Amino acid sequence: MKIAVLPGDGIGPEIMAEALKVLKALDLDLEFEHGLVGGAAYDIVGEPLPAATLRLARAADALMFGAVGGPQYDTLPRAKRPEQAILGLRKELGLFANLRPAIVYAELADASTIRADVVAGLDLLILRELTGDVYFGQPRGVRTLEGGEREGYDTMRYTESEVRRIAHAGFRAAMKRGRKLCSVDKANVLETSQFWRDVVVEVAREYPQIELSHMYVDNAAMQLIRNPGQFDVIVTGNLFGDILSDEASMLTGSIGMLPSAALDENGKGLYEPIHGSAPDIAGKGVANPLATILSAAMMLRYSLNQDAAADRIEAAVRKVLAQGLRCADISQDGRQTVGTSAMGDAVLAALRA
Ligand code: IPM
Ligand code: MG
C-alpha cells in the first residue's frame, strides 16, 4: 500500500514525523513516498501544488497531509498561496466527503472552555462537503462596476449530484453510528440551501431507519455550544462545515486533538489534522502530534481496511492520555507538558506494550 506523505509548512513536518514513527511500528506493508506541498513547495519550485506532487497523490492509495500556510505567503497572488495546495488536491482527487469527528476523551473533559458537564462523553461527526459550494463556484472575482465602484463576488452553488452523494455519505455514516442525521443549511435565506434541503429529503426516503432533522446554520452554531450531545452526525456544505468544525473542535478542548479524512467515491482519502500550520510554534518541538497520529488511524480504517491497526493506535492514544501525558495545548492547571517527539514516543511505547 502506497502512502503519499505531504508534510507541508509550519509544524507540519514535526507532527508528520511522529505519525510516521507510529505507522512504521505497525508491521504493515506500507510504502511511503514524500512530496512537496504548500509554501514548502512554493519556496523550491514556485508552485504550492507541483505537478510531481499531484502525480504522486494520484498514484497513492492514501495521503497523509500535514498543514500548509504561513504569514510570509499571505501576500502572494491567490494561485500561488499554500492553501491552493489543499484546495487543489481536494478538487483534483474528488475528495468530496470530509469526516471531522469531535470526540471528548474522558481525561480531557476539563480541557474544554465549555463546562465539563456539557461536553462530557461527546462523540459527534461533522460531515462536510468539500469540493463544491462558494469555495469553488464560478464566477468569482473583483470587478469594477459602471460608475467606477469596485465589487467583490463569489458564487454559492450546488448541483443535485453533489448534494445527493454527500447526503448518501451522511446517511451511511449515521447508519454506522447513532442513526441520527442533522442537515445544516440556511434555507430561510439561500436558494442553494433550500435546494440542498429538498434533495436531502428526497435521499432520506432510502434510509427510513435514520432520524433526519434540519437546522439553520446560525442555530446550529448556537446548539453546538448549548447542547452538543443532541448531535450524532451533522451533514453540511463546504463553507458552513468549515466554520462549524472549528467550533466543534473547541468542545473537545483542543484543535490539536482532532483528525480528519477527506474521501473520494471509492474510499481513497487524504488524512490531515484539522488544525493548521501554527507558524508561531513551528520548529519548537512543542506541537501536539496526536491529531496527526489519529489521522493515521483514520487512514488505516477508511482507506486501507486495517481496522485492527487503527484500533491499536486509538487505544495507545487513550492510554497516554490516561497516563497524564499532555502537550501544551491540552495541559491544565500548569501541569507539566511533553514535547512533540516525547508524545510520539509515548504513543509508540503504549502501542508496543
Ligand atoms: C480547513 C481549512 C481550509 C479550508 C483552508 C486552509 C483552505 O480551513 O481545512 O478547514 O477552508 O477548507
Ligand atoms: Mg477550516
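Name, by its number, the condition in (1) within 16 Å of ligand 1 (Cβ to nearest atom); (2) over 19 Å from GLY132 (Cα atoms); (3) among the charged types (D, E, K, R) that does not hold for ASP232.
The single condition ASP232 does not satisfy is (1).
If the requirement is being of a type in the set (Lys, Arg) and part of a loop (DSSP other than H, G, I, E, B), which of these qualifies: ARG335, ARG301, ARG318?
Within the list ARG335, ARG301, ARG318, the selection yields ARG335.
Scan region 261-287 for residues that are among the aliphatic types (A, V, I, L, M) and either touching a strand residue (DSSP E or B) at 6+ places or on another chain (Cβ under 8 Å) or part of a loop (DSSP other than H, G, I, E, B) (or both) and jot them down.
If the condition is that a residue be among the aliphatic types (A, V, I, L, M) and either touching a strand residue (DSSP E or B) at 6+ places or on another chain (Cβ under 8 Å) or part of a loop (DSSP other than H, G, I, E, B) (or both), then ALA261, ALA262, LEU263, LEU270, ILE274, ALA278, ALA282, VAL286, ALA287 are the ones that fit.
Is it true that ALA187 is aliphatic (A, V, I, L, M) and touching a Ser or Thr at 6+ places or on another chain (Cβ under 8 Å)?
Taking the combined requirement at face value, the residue satisfies it.
Which residue pairs have Cβ atoms closer than 7 Å, lie 6 or more positions apart in sequence or on different chains, and pair a first residue in region 258-283 that is at positive phi with a second residue that is open to solvent by 10 Å² or more (accessible area, probe 1.4 Å) and within 12 Å of ligand 1 (Cβ to nearest atom)?
So the pair list comes out as ALA278/GLY10.
Taking interchain pairs and intrachain pairs at least six residues apart, which have beta carbon atoms under 8 angstrom, with the first residue in region 223-240 and over 30 Å from ILE86 (Cα atoms) and the second not aliphatic (A, V, I, L, M)?
GLY229/GLY121; GLN230/GLN223
Among (1) in contact with a Leu (Cβ under 7 Å, 6 or more places away or on another chain); (2) more than 12 Å from ligand 1 (Cβ to nearest atom); (3) assigned by TED's automatic domain parsing to the domain that holds SER193, which single condition is GLY269 missing?
Result: GLY269 passes all but (3).
Anything in region 30-45 that is part of a helix (DSSP H, G or I) and either surrounded by fewer than 16 Cβ atoms within 10 Å (Cβ to Cβ) or not hydroxyl-bearing (Ser, Thr, Tyr) (or both)? List them, or say none.
Of everything in region 30-45, those that are part of a helix (DSSP H, G or I) and either surrounded by fewer than 16 Cβ atoms within 10 Å (Cβ to Cβ) or not hydroxyl-bearing (Ser, Thr, Tyr) (or both) turn out to be GLY39, ALA40, ALA41, ASP43, ILE44, VAL45.
Quick one: which residue in ARG197, ARG172, ARG226, ARG205 is closer than 30 Å to CYS327 by Cα and more than 16 Å from ligand 1 (Cβ to nearest atom)?
ARG226
Which condition breaks for GLY237 when tested against (1) within 25 Å of GLY10 (Cα to Cα); (2) in contact with a strand residue (DSSP E or B) (Cβ under 9 Å, 6 or more places away or on another chain); (3) within 13 Å of ligand 1 (Cβ to nearest atom); (4) modelled with pLDDT of 95 or more?
Exception for GLY237: condition (1).
Could you list, in sequence order, all residues of region 14-29 that are part of a helix (DSSP H, G or I) and of a type outside the set (Asp, Glu)?
ILE15, MET16, ALA17, ALA19, LEU20, LYS21, VAL22, LEU23, LYS24
Please tell me if VAL217 is within 16 Å of ligand 2 (Cβ to nearest atom), open to solvent by 10 Å² or more (accessible area, probe 1.4 Å), more than 27 Å from ILE293 (Cβ to Cβ) and touching a Phe, Trp or Tyr at 6+ places or on another chain (Cβ under 7 Å).
So VAL217 fits the description; yes.
Tell me which of these GLU146 doesn't satisfy, since it passes every other one: (1) crowded, with 20+ Cβ neighbours inside 10 Å; (2) over 28 Å from MET222 (Cβ atoms).
Tallying (1) crowded, with 20+ Cβ neighbours inside 10 Å; (2) over 28 Å from MET222 (Cβ atoms), GLU146 fails exactly one: (1).
Starting from region 316-330, take each residue that is more than 23 Å from ALA282 (Cβ to Cβ) and list its partners that are open to solvent by 60 Å² or more (accessible area, probe 1.4 Å), counting only C-beta distances under 7 angstrom and pairs at least six apart or across chains.
Every condition considered, the pairs that remain are LEU321/GLU107; ALA322/GLU107.
Could you please find all residues in region 235-276 being open to solvent by less than 10 Å² (accessible area, probe 1.4 Å), β-branched (Val, Ile, Thr) and either within 15 Å of GLU129 (Cα to Cα) or within 11 Å of ligand 2 (Cβ to nearest atom) (or both)?
The answer is VAL235, THR236.
Is at least one residue of region 23-40 over 23 Å from ASP280 (Cβ atoms), basic (Lys, Arg) and touching a residue at least 12 places away in the same chain (Cβ under 8 Å)?
No.
Filter region 134-157 for residues that are touching a Ser or Thr at 6+ places or on another chain (Cβ under 8 Å), within 16 Å of ligand 1 (Cβ to nearest atom) and within 17 Å of SER193 (Cα to Cα) and give the result.
VAL134, GLY137, MET156
Answer with yes or no whether LEU89 is away from ligand 1 (no atom under 15 Å from the Cβ), open to solvent by less than 10 Å² (accessible area, probe 1.4 Å) and not small (Gly, Ala, Ser).
No, not satisfied.
The values are calculated or read from the model by the stated rules, or taken from the named source; none is laboratory data. Only a predicted model underlies this, so the values are computations on that prediction, with no experimental measurement involved. Here the Cβ is made from the backbone with ideal geometry for all residues, glycine too, and neighbour counts use every protein chain on show. Accessible surface areas use protein heavy atoms only, side chains included; no ligands, DNA or RNA. Shrake-Rupley method; radii C 1.70, N 1.55, O 1.52, S 1.80 Å.
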